[in-house]
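Notes for the one structure printed next.
Computed from the coordinates by the stated procedures, all read-outs in this text should not be read as laboratory data. All values derive from a computational prediction rather than experimental measurement. Using ideal geometry, Cβ is built from the backbone for each residue, glycine included, and neighbour counts are taken over all protein chains shown.
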Amino acid sequence: MSALIFERSIKNRRGITLPEFDCPEVHLDENIVRAAAPRLAQVGEVDVVRHYMELSRNAFGVDNGFYPLGSCTMKYNPKLNEQTASLPGFSDIHPLQSPDSVKGALRLMSELSQQLCEVTGMDGFTLQPSAGAHGEFTGLLLIHAYHEDRKDVKRSKVIVPDSAHGTNPASANMAGYSIINVPSNAEGGVDVEALRSVLSDEVAALMLTNPNTLGLFDPNIEEIAKMVHEAGGLVYYDGANLNAIMGEVRPGDMGFDVVHLNLHKTFSTPHGGGGPGSGPVGVKAHLLPYLPDGTVVKEKFIANEKSIGRLRSFYGNFLVNVRAYTYILSLGSNGLKEASYNAVLNANYMMAKLKDHFPVAYPVPCMHEFVLSLQKLKDETGVNAKDMCKGLLDYKVHPPTMYFPLIVHEALMIEPTETESKETMDEFIRILIELKDKAYTDPEYLHNAPYTTPIKRVDDVLAARHPVLKAVL
Ligand SMILES: *Cc1c(COP(=O)(O)O)cnc(C)c1O
């Protein structure tokens, strides 16, 4: 493991020389002067550069290699997006500037909202939420405001299918709702009869991902939306999986009232390293009056009387919006559609190549991702999904999502995205099959993998029970 910058510190070593002090001296009040100098690392410039270069080589991102992390859409992010996001007219402005002086930014936000409306079939968007989960929370507050405004105050429950992303029940809970779980049917979609049995005048909304986290498009979606509407509830679309259907089918046309998108997934902003995200929320006309304050509509900030208020400081992660806008304009409407087609094609190609080696959880044509079950491998060799993922690390590829969705045992969820070549996918398939053979001949090897990473096999039980989240100096 790399040394900490503090461990490289040598007393009185300096990276820079400050200019001669030539200002009048100011004597600050004793109370606000710190008692001791801050403990900063004392290192030369070359040490700093080497330190960060070393760290950057230990980090793994889409620019390093294949990253088929299901549900996360780790597609390659074109560098053109970075160029536009670093134009000074976008990157050097401040949200407190007068609207007159940031007309270009306002226009970009208006046009992006309009483009997102077209892609999703919604009537208005707010760009304020900072991530998918934040968008879900926003959407649920909008739904809450809608019911309350109509004096329909009995609605305290939100329905979530058992294949949902964990953020769905968590956001609903944060918004004050209790959760009703509905099971999936044998085809991996919502069990319509089970849904019917839990609908009532206490249900505020159903949250749904379509295609869902199994990579399956629910063919009953129109019926599902109709059922929920007839019971007086609204239908929420978790749009994190939009990469499968862009330009082909729209949540607004499927019957959804509210959607969130993950610009950092579908619309190509780097993510996964804790960088900023953006989870815009789109609504149908009946929810427009509740949109957050500070939403930009037609180049103006709106202030709705019935607004749910503000969801964060200022107007959202603007530079993520610039990247998404660039991406949408550079692909065009046909390009977006083609991106989705290729994402679906790539996932089906990989599934077809792997299905004879690992059982596919739902062996039907998939959308942008698919789920394998490694239960049989575990039963026969003792090697589980986690061991296989640790083994992959030694080949310099990022493992797929594992143990999710929860309804598949020993799940590996693979999402190649449209930006990967056939050669890259073939190489990954070859590695996975090689590791499977290894599981039968030398399971111990996989139990102890990885061997080449800066940190070897971690004790996750210990890490979960006694997390050490910062270096003790
Ligand atoms: C990623 C994801 C989310 C949450 O999005 P964040 O931006 O990570 O908060 C929600 N639902 C699904 C299906 C996702 O894949």
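With r defined as the distance between the Cβ atoms of Glu82 and Glu299 and R0 fixed at 22 Å, what FRET efficiency is calculated, to the nearest 0.05?
Working: r = 25 Å, r/R0 = 1.15.
According to the calculation, E is roughly 0.30.
Let me check against my output: what whole-number percent is the relative contact order of region 25-143, with C-alpha pairs under 8 Å and at least 6 apart? Show your work: numbers first, answer last.
On the way: 26 pairs, mean separation 9.8, N = 119.
Relative contact order here is 8 percent.
Given Cβ point charges of +1 (Lys, Arg) and -1 (Asp, Glu) and nothing else, what value in debye, to the nearest 20, does the dipole of region 389-473 about its Cα centre take?
On the way: 10 positive and 14 negative charges, 94 e Å.
Dipole of region 389-473, to the nearest 20 debye: 460 debye.
Based only on Cα atoms, what mean projected area does the convex hull of region 163-225 have, in nm²?
Working: hull surface 17.0 nm².
Over all viewing directions, region 163-225 projects a mean Cα-hull area of 4.2 nm².
Tell me, what is the FRET efficiency for Ala170 and Phe6 to the nearest 0.05, using R0 = 25 angstrom and their Cβ-Cβ distance as r? Working shown, then result.
On the way: r = 36 Å, r/R0 = 1.43.
After rounding, the FRET efficiency stands at 0.10.
Towards the positive end of the charge dipole of the chain, with charges on Cβ (+1 Lys, Arg; -1 Asp, Glu), say which of Val158, Leu345, Ala131 has the farthest Cα.
Ala131
To the nearest 20 Debye, how big is the dipole of the chain about its Cα centre, given +1 on the beta carbon of each Lys and Arg and -1 on that of each Asp and Glu?
Working: 44 positive and 57 negative charges, 160 e Å.
Roughly 760 debye, rounded to the nearest 20.
Once amide H atoms are built 1.01 Å from N in the peptide plane, which residues 5 or more positions from Ala411, or in another chain, come under 5 Å H to H?
Distant-sequence amide H within range of Ala411: Leu374, Tyr403, Phe404.
How about region 399-473: which chymotrypsin sites (Phe, Trp or Tyr not before Pro) there are in a DSSP loop, with at most 14 other Cβ atoms within 10 Å of their Cβ?
Working: sites: Tyr403, Phe428, Tyr440, Tyr445, Tyr451; in loops: Tyr403, Tyr451.
Filter output for region 399-473: Tyr451.
How long are the semi-axes of the ellipsoid equivalent to the chain, from square roots of 5 times the Cα gyration tensor eigenvalues, in whole Å, largest first?
Semi-axes from the Cα gyration tensor: 38, 35, 22 Å.
Give the average over all directions of the projected area of the C-alpha convex hull of region 112-161, one decimal, in nm².
Details: hull surface 18.4 nm².
Directional mean of the projected Cα hull area for region 112-161 stands at 4.6 nm².
Loop only per DSSP, at most 15 neighbouring Cβ atoms within 10 Å: give me the trypsin sites (Lys or Arg not before Pro) in region 110-164, ordered by residue number.
Working: sites: Arg150, Lys151, Lys154, Arg155, Lys157; in loops: Arg150, Lys151, Lys154, Arg155.
Taking region 110-164 and a limit of 15 other Cβ atoms within 10 Å, the loop trypsin sites (Lys or Arg not before Pro) found are Arg150, Lys151, Lys154.
Counting helices only, and only those DSSP H runs with n ≥ 4, report the 222 nm mean residue ellipticity of the chain as the sum of -39,500 (n - 2.57) divided by its residues, in deg cm²/dmol to the nearest 500. All intermediate terms of the calculation are to be shown ahead of the outcome.
Numbers: 16 runs with 179 residues, N = 473.
My calculation for the chain gives -11500 deg cm²/dmol from helical runs alone.
For region 10-99, what is the convex hull (Cα atoms) projected area averaged across all directions, in square nanometres?
Numbers: hull surface 51.4 nm².
Convex hull of Cα atoms, orientation-averaged projection: 12.8 nm².
Please give the FRET efficiency for Lys337 paired with Glu427, using the beta carbon to beta carbon distance and R0 = 30 Å, rounded to the nearest 0.05. Walk me through the numbers on the way to the answer.
On the way: r = 28 Å, r/R0 = 0.93.
Efficiency for this residue pair is about 0.60.
Which order do Cys117, Cys23 fall in if you start with the one that has the fewest other Cβ atoms within 10 Å?
Fewest-to-most ranking of Cys117, Cys23: Cys23, Cys117.
I want the local charge near Pro399. Using Cβ-Cβ distances under 10 Å, sum +1 for each Lys or Arg and -1 for each Asp or Glu among the other residues.
Values: positive: Lys386, Lys390; negative: none.
Local net charge: +2.
Check which residues have an amide H placed less than 5 Å from Leu69's amide H, if you skip close sequence neighbours.
Result for Leu69 returns Met74, Glu415.
Find the relative contact order for region 251-375 and round it to a whole percent, using C-alpha pairs within less than 8 Å whose residues are 6+ positions apart. Mind dumping the intermediate values first?
On the way: 136 pairs, mean separation 21.9, N = 125.
Relative contact order of region 251-375: 18 percent.
What is the local net charge at Lys75, summed over the other residues whose Cβ is closer than 11 Å to its Cβ (Lys, Arg +1; Asp, Glu -1)? Kindly include the intermediate steps, with their values, before the conclusion.
Values: positive: Lys265; negative: Glu415, Glu418, Glu420.
Net charge around Lys75: -2.
Taking a cut-off of 21 Å between Cα atoms, list the lysines near Lys306, but don't count ones fewer than 8 places away on the same chain.
Straight-line reach from Lys306, under 21 Å: Lys151, Lys154, Lys284, Lys298.
Pairs of alpha-carbon atoms within less than 8 angstrom and 6+ residues apart define the contacts here; what relative contact order does the chain have, in percent?
Working: 845 pairs, mean separation 87.1, N = 473.
This gives 18 percent for the chain.
Could you check the simple spin-label distance between Ile93 and Glu20, using points 7 Å along Cα→Cβ, in nm with one decimal?
For Ile93 paired with Glu20, the spin-label model returns 4.3 nm.
According to a simple spin-label model (label point 7 Å from Cα along Cα-to-Cβ), what is the distance in nm between Asp100 and Asp63?
For Asp63 paired with Asp100, the spin-label model returns 4.0 nm.
Could you calculate the contour length gain from Asn448 to Leu406, that is, 0.36 nm times the residue separation minus the distance between their Cα atoms, to one decimal place in nm? Intermediate values should be presented prior to the final figure.
Numbers: separation 42, 0.36 × 42 = 15.12 nm, distance 2.48 nm.
Length gained, Asn448 through Leu406: 12.6 nm.
Check each of the chymotrypsin sites (Phe, Trp or Tyr not before Pro) in region 1-88 and keep only those in coil by DSSP with at most 10 other C-beta atoms within 10 angstrom; list them in order. It would help to have the intermediate numbers written out before the result.
Numbers: sites: Phe6, Phe21, Tyr52, Phe60, Phe66, Tyr76; in loops: Phe21, Phe60, Phe66, Tyr76.
Answer in residue order: Phe21.
Structure shown: which of Lys376/Lys396; Lys390/Lys436; Lys355/Lys436; Lys396/Lys438; Lys75/Lys157 lie over 24 Å apart, alpha-carbon to alpha-carbon?
On the way: Lys376/Lys396 26 Å; Lys390/Lys436 13 Å; Lys355/Lys436 13 Å; Lys396/Lys438 18 Å; Lys75/Lys157 35 Å.
Listed pairs above 24 Å: Lys376/Lys396; Lys75/Lys157.
To one decimal place, what Kirkwood hydrodynamic radius in Å is obtained for region 157-274 from all pairs of distinct Cα atoms?
Evaluated on region 157-274, it is 14.5 Å.
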